[in-house]
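The values are calculated or read from the model by the stated rules, or taken from the named source; none is laboratory data. As the structure is a prediction and not an experimental result, all values here were calculated from the model. We place every Cβ from the backbone using ideal geometry, glycine too, and count neighbours over all the protein chains shown.
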Amino acid sequence: MEYIGLDFETYGSRNLTKVGLDNYINDPSFKPLIASINYLDLDGLRQRKTFDFIDPQRKLEDLEQFKALIQSGSTQLFAAHNAGFERAVLKRMGFPLPNHRFIDTAVIARIMGADSSLENSSKQLLDKEKMEVGKRLIQKFSIARADGTALVDDPDWDPTQDSDWQLNKDYCENDAELAVNFVLTFENLPAFWQEARYEPLTAGMNQSGWPVDRESVQLMLDRAEQNKLDALTGFRMALDPEGKLNLNSLKQLKEWCRTRGIQASSFDEAHVESLIQKITARLCDPHTKLALGVRENYGQVLDMLHVKKVIGGSSLSKLPKIQLLTGKDGRLRDQYMHCGAGQTYRTSGRGVQMQNLKRLHSPKDMSTLADPTVHWTNDELAENIRQCFTASTPNGRLIVGDLASIESRGLAYMAGAEWKLENYRQGKDMYKVLGAKIYAVPYDYVDKTMRTTGKVGELSCGYGAGPVAVHSFAKGMHVDMDEQAALALVRDWRAINPEVEALWLLLNTLLHSAVSRDPLAWQERTSLANGLAIEFVKIVTPVSLEKMHPGAQSLEVHLYHNGSFLLSRVFHGCYRRGRNICYYKPAERKTGELWKAWYMDPKTKQRRFYDIYGGKLVGILVQSFCREIFFKILDNVQSFVLLDPGLDLIGQFHDEIVLDWNPAFSKLSLEEAKHQLHLGMSDPMQFTGFPMAAEVKSDYRYTK
């Protein structure tokens, strides 16, 4: 396979980081300035070549040569850091390439445990650096000047007489070389080729994008702003007529609440919601007798908190983001980062952060947004934002497939909890199953409270969480559970799930053994359940980390299934700290150390070292295993989608797949398309005995 490093320098009057790739590339001002490649010559030596699209004496010839190179064959793979940019530039230039012709080296950096940026990851993994002059060159050539014009369009500017122009070419060449170095360094790793297959799936979704109902977005914005104004005006008139209280001042708000008998440490969205619940419960408790003045003070604080909730809802901040990033054709693109979650390789969101859309419990009729007689609260607006995403045609549908409880099933499968797997195969509600075991009652006698306890336990206890974490989790679910009840739940759940506890212990033992062994010791595979096996392998610690912490060991954890490689995950710089195994994470800052060993706990304000133990490793591997199943399914789904011109794969969220169905072009009816997706998401593939289950729904709007 021939690898060609590729990098572009471009100009655009719009800010790429603010308006997104789609709007930046398709703006009339956009133009490619330089392209650099790093390739093998006939003698097998690496060479650089730069194409100048600005110099009047070279641009036509260079453009033709570059076009000929791009279209010369199908055996070359182009290595580019954040390859979505290079794909988009080539498409804008008129000679796009299939997504599978690219290796995104930012993905390689992330799966190898480094930061996403080329500046950081090249130093972390390759011990090589980007040119420091890059920022200045980008300011000079790639960004509009104060008067809104481009330097490269200035008739008085001569590129042959500007030494920075040659420096810009050197900078572009250096980035192309770094990209191909990533490929050459890591191409022999099994995970490299896995992600080379999966990343084009994510790229395709980024290019397709989500259709957006822009009118609804604007109506929601207008409604939200009016609600904020009304709430603030009402509060001022009733409780602060002189406007002395600054609702954005933490100091003033704390003092205002303190004088009314309420202690508060924060007024972010979570704390506001928690305070509202506590004060409301106190006011409504028939057993609590409050003096009239105290009750009035509590009521005033409650009024203020409701105003804070209205004017400070973070979910509504997605609306202007949607407006800004949506393209001229009404599509919201480039919302996914492949392997964005470095330890599990799950796809993460960017831009609008689609995976964090507020859950929709009761869809509201979007047509009433324009009806002034129908009231919409800001909570209702936030909850219905997802309805702003629609099928691409009025008579089309979004088809949404959802894998049921995939992580719980994955944990049971890896741990060999056959009783749990069998309950899933029988289609039983696992939360009720656990509720029945915890309360020692028959399955059919489990009530809502018992089921809720089972749900909290199943969602929070699987990876070794203690009572404090479970109590916090329950609180986040708005479940009333004190710390004693949380402790009891932890004990009950562990007693019911001995197979999972055994898995924590086994992986913890293997982890400690791997860090303690001689680096040359042979690492044996250890069998788990259902044909799975695990192996710890020492890999070379990056030079940049070895300089910081001599002797720290980097590990790869391999998971196999029936003898075949399934996945691997990397932990850099593992070392003992007391009885714990600690490790390093890549730094994201452009200054200071390249790796970080600790972080500040936001709750305790204390320094905490990154550590790993059996339960945490089980969590990483189960999520990674489920992610692997999901992408195998996604790959299969894409295979039948590509055969139907009326189907488009536009979205995914860990366990959810979204298709856009257009009846004008599809070979399938709506029910046939839903059935096809259901079949694809219900197939356990090679994982015999895995109790796959999927639910498929459809709607014009995204109502999942």
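Does at least one position in segment 196-206 carry a residue that is touching a residue at least 12 places away in the same chain (Cβ under 8 Å), farther than 30 Å from LEU642 by Cβ and assigned by TED's automatic domain parsing to the domain that holds LEU126? Within segment 196-206 (the criterion being touching a residue at least 12 places away in the same chain (Cβ under 8 Å), farther than 30 Å from LEU642 by Cβ and assigned by TED's automatic domain parsing to the domain that holds LEU126), the answer is no, since none of the residues qualifies.
The rows are residues; the columns are (1) in contact with a Leu (Cβ under 6 Å, 6 or more places away or on another chain); (2) part of a loop (DSSP other than H, G, I, E, B).
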{"position": "CYS339", "(1), (2)": "no, yes"}
{"position": "TYR345", "(1), (2)": "no, yes"}
{"position": "VAL352", "(1), (2)": "no, yes"}
{"position": "THR373", "(1), (2)": "no, yes"}
{"position": "ASP379", "(1), (2)": "no, no"}
{"position": "GLY401", "(1), (2)": "yes, no"}
{"position": "ALA412", "(1), (2)": "yes, no"}
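Residues in segment 50-73 that are under 17 Å from TRP165 (Cβ atoms) and in contact with a Leu (Cβ under 9 Å, 6 or more places away or on another chain): PHE51, ASP52, PHE53, ILE54. Considering segment 480-510, and only residues there that are in a helix (DSSP H, G or I) and either of a type in the set (S, T, N, Q) or at positive phi (or both), the residue that is surrounded by the most Cβ atoms within 10 Å (Cβ to Cβ) turns out to be ASN508. Residues in segment 543-574 that are more than 18 Å from ASN120 (Cα to Cα) and out of contact with any strand residue (DSSP E or B) (no Cβ under 6 Å at 6 or more places or on another chain): PRO550, GLY551, ASN562, GLY563, SER564, PHE565.
Is it the case that GLN387 is within 21 Å of LEU659 (Cβ to Cβ), among the polar types (S, T, N, Q), assigned to a helix (DSSP H, G or I) and at pLDDT 95 or above? Yes, satisfied. Against the criterion of being surrounded by 15 or more Cβ atoms within 10 Å (Cβ to Cβ) and of a type in the set (Ser, Thr, Tyr), SER315 qualifies. Any idea how many residues of segment 561-584 are crowded, with 18+ Cβ neighbours inside 10 Å and of a type in the set (Phe, Trp, Tyr)? Adding up the residues that qualify gives 3. Residues in segment 290-312 that are surrounded by 19 or more Cβ atoms within 10 Å (Cβ to Cβ) and outside any helix (DSSP H, G or I): none. Taking segment 188-289 and the helices (runs of 4 or more DSSP H) fully enclosed by it, the elements with 1 or more residues that are among the acidic types (Asp, Glu) and in contact with a His (Cβ under 7 Å, 6 or more places away or on another chain) are at 190-208.
For every residue, the table says whether it meets (1) touching a residue at least 24 places away in the same chain (Cβ under 8 Å); (2) not in a helix (DSSP H, G or I).
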{"site": "LEU434", "(1), (2)": "yes, no"}
{"site": "VAL441", "(1), (2)": "no, yes"}
{"site": "ARG451", "(1), (2)": "no, no"}
{"site": "VAL456", "(1), (2)": "yes, no"}
{"site": "VAL470", "(1), (2)": "no, no"}
{"site": "HIS478", "(1), (2)": "yes, yes"}
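Answer yes or no: is there a residue in segment 51-60 that is surrounded by 18 or more Cβ atoms within 10 Å (Cβ to Cβ), closer than 15 Å to LEU6 by Cβ, of a type in the set (Phe, Trp, Tyr) and in contact with an Asp or Glu (Cβ under 6 Å, 6 or more places away or on another chain). Yes: one or more hits. Scanning segment 3-40 for residues that are without any contact (Cβ under 8 Å) to a residue 40 or more places away in the chain and charged (D, E, K, R) yields a total of 2.
One line per residue, one yes/no per condition, for (1) surrounded by 15 or more Cβ atoms within 10 Å (Cβ to Cβ); (2) in contact (Cβ under 8 Å) with a residue 40 or more places away in the chain; (3) under 21 Å from GLN207 (Cα atoms):
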{"residue": "THR604", "(1), (2), (3)": "no, no, no"}
{"residue": "ILE620", "(1), (2), (3)": "yes, yes, no"}
{"residue": "LEU634", "(1), (2), (3)": "yes, yes, yes"}
{"residue": "PHE640", "(1), (2), (3)": "yes, yes, yes"}
{"residue": "ASP648", "(1), (2), (3)": "yes, yes, yes"}
{"residue": "GLN686", "(1), (2), (3)": "no, yes, no"}
{"residue": "LYS697", "(1), (2), (3)": "no, yes, no"}
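In segment 277-289, the residues that are farther than 18 Å from VAL479 by Cα and assigned by TED's automatic domain parsing to the domain that holds GLN300 reach residues that are of a type outside the set (Asp, Glu) and at pLDDT 85 or above with C-beta atoms within less than 7 angstrom, at least six apart or across chains, in these pairs: LEU283/ARG295; LEU283/TYR298; THR288/ARG282. Looking only at segment 671-682, filter to residues that are surrounded by 14 or more Cβ atoms within 10 Å (Cβ to Cβ) and either of a type in the set (D, E, K, R) or within 11 Å of LEU647 (Cβ to Cβ) (or both); which one of those is nearest to the chain's Cα centre (by Cα)? The qualifying residue nearest to the chain's Cα centre (by Cα) is LEU677. If you go through segment 160-187 and keep only what is closer than 30 Å to PRO542 by Cα and part of a loop (DSSP other than H, G, I, E, B), you end up with just GLU187. Within segment 229-251, identify whether any single residue is among the aromatic types (Phe, Trp, Tyr) and farther than 27 Å from MET354 by Cβ, and answer yes or no. Looking for residues that are among the aromatic types (Phe, Trp, Tyr) and farther than 27 Å from MET354 by Cβ, one finds at least one in segment 229-251, hence yes. Only one entry of VAL310, VAL352, VAL374 meets the criterion of being within 27 Å of LEU229 (Cβ to Cβ) and modelled with pLDDT under 95, and that entry is VAL310.
Of everything listed in (1) closer than 21 Å to ILE111 by Cα; (2) in contact with a Ser or Thr (Cβ under 8 Å, 6 or more places away or on another chain), the single unmet condition for LEU566 is (2). Of the helices (runs of 4 or more DSSP H) that lie entirely inside segment 1-111, those containing 2 or more residues that are over 29 Å from the mean Cα position of the chain (by Cα) span 59-70.
Residues checked against (1) under 30 Å from SER317 (Cα atoms); (2) modelled with pLDDT of 95 or more; (3) of a type in the set (S, T, N, Q); (4) within 27 Å of the chain's Cα centre (by Cα):
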{"position": "LEU151", "(1), (2), (3), (4)": "no, yes, no, no"}
{"position": "THR160", "(1), (2), (3), (4)": "no, no, yes, no"}
{"position": "CYS172", "(1), (2), (3), (4)": "no, yes, no, no"}
{"position": "ALA179", "(1), (2), (3), (4)": "no, yes, no, yes"}
{"position": "TRP193", "(1), (2), (3), (4)": "no, no, no, yes"}
{"position": "ASP222", "(1), (2), (3), (4)": "yes, yes, no, no"}
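Number of residues in segment 494-505 that are in contact (Cβ under 8 Å) with a residue 24 or more places away in the chain and closer than 19 Å to LEU617 by Cβ: the value is 8.
Conditions tested, residue by residue: (1) under 24 Å from TRP419 (Cβ atoms); (2) modelled with pLDDT under 95; (3) among the charged types (D, E, K, R).
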residue	(1), (2), (3)
ASN497	yes, no, no
LEU528	yes, no, no
LEU545	no, no, no
GLN553	no, yes, no
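Among the residues examined, TRP157 does not qualify as part of a helix (DSSP H, G or I) and more than 19 Å from VAL89 (Cβ to Cβ). In segment 387-401, the qualifying residues are those that are surrounded by 19 or more Cβ atoms within 10 Å (Cβ to Cβ) and out of contact with any Pro (no Cβ under 9 Å at 6 or more places or on another chain), and the one that is farthest from GLU628 (Cα to Cα) is CYS388.
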